[in-house]
Amino acid sequence: MDSFRVLVVDDEEDFLETLVNRLQKRSIDTVGVKSGEEAVQNVKGKLFDVILLDIKMPGGMDGIEALREIKKIQPLAEVILLTGHASIETSIEGMKLGAFDYLLKPVKLEELLTKMAQAFEKKDAHDQKIRKARLKELMRFPGRVFDHEKEDK
């Protein structure tokens, strides 16, 4: 599995700390935050490949609202919804908003790692298609190289 960057969003401090530590021990670049608002702030400043997002969080922004905002900022980031409260309606809403999948807590680490690897593979394949399209465009119109440098900043 290639290295990828993960954002874990969960209001349960023990769960968050344990999961972040376990992922970091596997050399996965992982950041943990406790709210939807913090998640949105983080994706504004850093690129993440996979985001693990708790659906039910107290306070202003729940997981579904955070998902909606995250997809506006980083549409290619793959989001896996986590919930301890099985709600098919909420999970379906999350999938309609672009979530990769949803898992019920407690989730076994190996199952989570497998799902994260699948999410990363999907994102990586999408990234490669975009790079190939840009390369084809640059080969046809070499002067546009400077346009992409402006877009990437």
Task: Residue list for region 76-104, filter: over 10 Å from the mean Cα position of the chain (by Cα) and at pLDDT 90 or above - done: Leu82, Glu93, Gly94, Met95, Lys96, Leu97, Gly98, Asp101, Tyr102, Leu103, Leu104
Open item on the list: Looking at region 1-38 only, could you name the residues that are of a type outside the set (A, V, I, L, M, F, W, C), open to solvent by 40 Å² or more (accessible area, probe 1.4 Å), over 14 Å from Asp54 (Cβ atoms) and touching a residue at least 24 places away in the same chain (Cβ under 8 Å)?
Closed with: Asp2, Ser3, Arg5, Arg22, Arg26, Ser27, Asp29
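Conditions (1) surrounded by 17 or more Cβ atoms within 10 Å (Cβ to Cβ); (2) part of a helix (DSSP H, G or I); (3) β-branched (Val, Ile, Thr); (4) touching a residue at least 60 places away in the same chain (Cβ under 8 Å), marked per residue:
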| site | (1), (2), (3), (4) |
| --- | --- |
| Leu81 | yes, no, no, no |
| His85 | no, no, no, no |
| Glu89 | no, yes, no, no |
| Met95 | no, yes, no, no |
| Ala99 | yes, no, no, no |
| Pro106 | no, no, no, no |
| Glu111 | no, yes, no, no |
| Lys115 | yes, yes, no, no |
| Ala119 | yes, yes, no, yes |
Task: Which numbered condition Phe48 fails, given (1) within 18 Å of Glu12 (Cβ to Cβ); (2) in a loop (DSSP other than H, G, I, E, B) - done: (1)
Task: Selection status of Leu109, within 25 Å of Ser3 (Cβ to Cβ), aliphatic (A, V, I, L, M) and modelled with pLDDT under 95 - done: no
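The values are calculated or read from the model by the stated rules, or taken from the named source; none is laboratory data. Predicted model only: the values in this text are computed from it and were never measured. Please note: Cβ atoms are built from the backbone with ideal geometry, for glycine as well, and neighbour counts cover all protein chains shown. Ligands, DNA and RNA are excluded from the accessible area calculation, which covers all protein heavy atoms including side chains. Shrake-Rupley method; radii C 1.70, N 1.55, O 1.52, S 1.80 Å.
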